[in-house]
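The values are calculated or read from the model by the stated rules, or taken from the named source; none is laboratory data. Note that this is a predicted model, so its numbers are computed, not measured. For neighbour counting, all protein chains shown are included, and Cβ atoms are generated from backbone atoms with ideal geometry for every residue, glycine included.
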Amino acid sequence: MAHQDYVSRPRSKNKKKNPYNKKPIAHPKSERLSIKVKLIGVLTLALIVGAGYFLWSIKDVQPATNITKVKQTLSAKKDDLSSILPEPPKEKWTYVDQLKTKKVEVGKYEVKDGGPYQMQCGSFRTKAQAETLKATIAFTGIESQVKQVKGTSGIWYKVILGPYSRKRSAEKEKHKLSRNKVNHCQIWSWR
């Protein structure tokens, strides 16, 4: 098959029109739509003008005669308002008066120290597991101890931190350990 040179070839004479460059054709529907829009605009304008005229026409109308009579009565009898107005209700709350005379008793409270606290982060059957957790805790910058305890089911190795004088400092280190993925630590009294 021979190669064809498309660049030097002249353009074809029966070129189809590009379907994407069509000019919009005016439809009778769009003309109706524009008539509807015009009609709605004219009606809206007529309503606004009508409402304005109505408000202008009622601006000079006097209020009802009952209200004017009450105003005249009040201005004539300023001293004798008790005959027109109902008697004010009696106050049934005495709380405000009680507050004026109330005395607050100040109690003496003592803050009891809970004693020293310890934090236990694990209890293992083998000393190697306890030493691994101790090393993990050491990487967070906190010192811990491995304590051997004899229980009813045998020997256990507990990883203990502390003693702490305040529970708040133990909680602070517990949060530091949990941020470093050492979870399930418990805080107890050191006794």
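Values computed for the structure shown
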read-out: Residue among GLY50, GLY107 that alone is small (Gly, Ala, Ser), closer than 30 Å to ARG166 by Cβ and modelled with pLDDT of 80 or more; value: GLY107
read-out: Criterion (among the β-branched types (Val, Ile, Thr), farther than 22 Å from LEU177 by Cβ and either in contact (Cβ under 8 Å) with a residue 12 or more places away in the chain or not in a loop (DSSP other than H, G, I, E, B) (or both)) met by exactly one of VAL106, VAL96; value: VAL96
read-out: Leading residue by the ranking (nearest to CYS121 (Cα to Cα)) among those in region 150-191 that are basic (Lys, Arg) and not in a helix (DSSP H, G or I); value: LYS158
read-out: Search result, residues across region 111-128 that are out of contact with any Phe, Trp or Tyr (no Cβ under 6 Å at 6 or more places or on another chain) and in a loop (DSSP other than H, G, I, E, B); value: VAL111, LYS112, ASP113, GLY114, GLY115, ARG125, THR126
read-out: Residue in region 57-73 that is polar (S, T, N, Q), surrounded by fewer than 10 Cβ atoms within 10 Å (Cβ to Cβ) and modelled with pLDDT of 70 or more present; value: yes
read-out: Filtered residue count, region 127-147, keeping only those that are in contact with a strand residue (DSSP E or B) (Cβ under 6 Å, 6 or more places away or on another chain) and surrounded by fewer than 15 Cβ atoms within 10 Å (Cβ to Cβ); value: 3
read-out: Answer from GLN118, GLN145 - the residue that is within 16 Å of TRP190 (Cα to Cα) and in contact (Cβ under 8 Å) with a residue 60 or more places away in the chain; value: GLN118
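Let's see how each residue does on (1) at pLDDT below 85; (2) out of contact with any Cys (no Cβ under 6 Å at 6 or more places or on another chain); (3) among the hydroxyl-bearing types (Ser, Thr, Tyr):
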| site | (1), (2), (3) |
| --- | --- |
| SER12 | yes, yes, yes |
| ALA46 | no, yes, no |
| SER75 | yes, yes, yes |
| VAL111 | yes, yes, no |
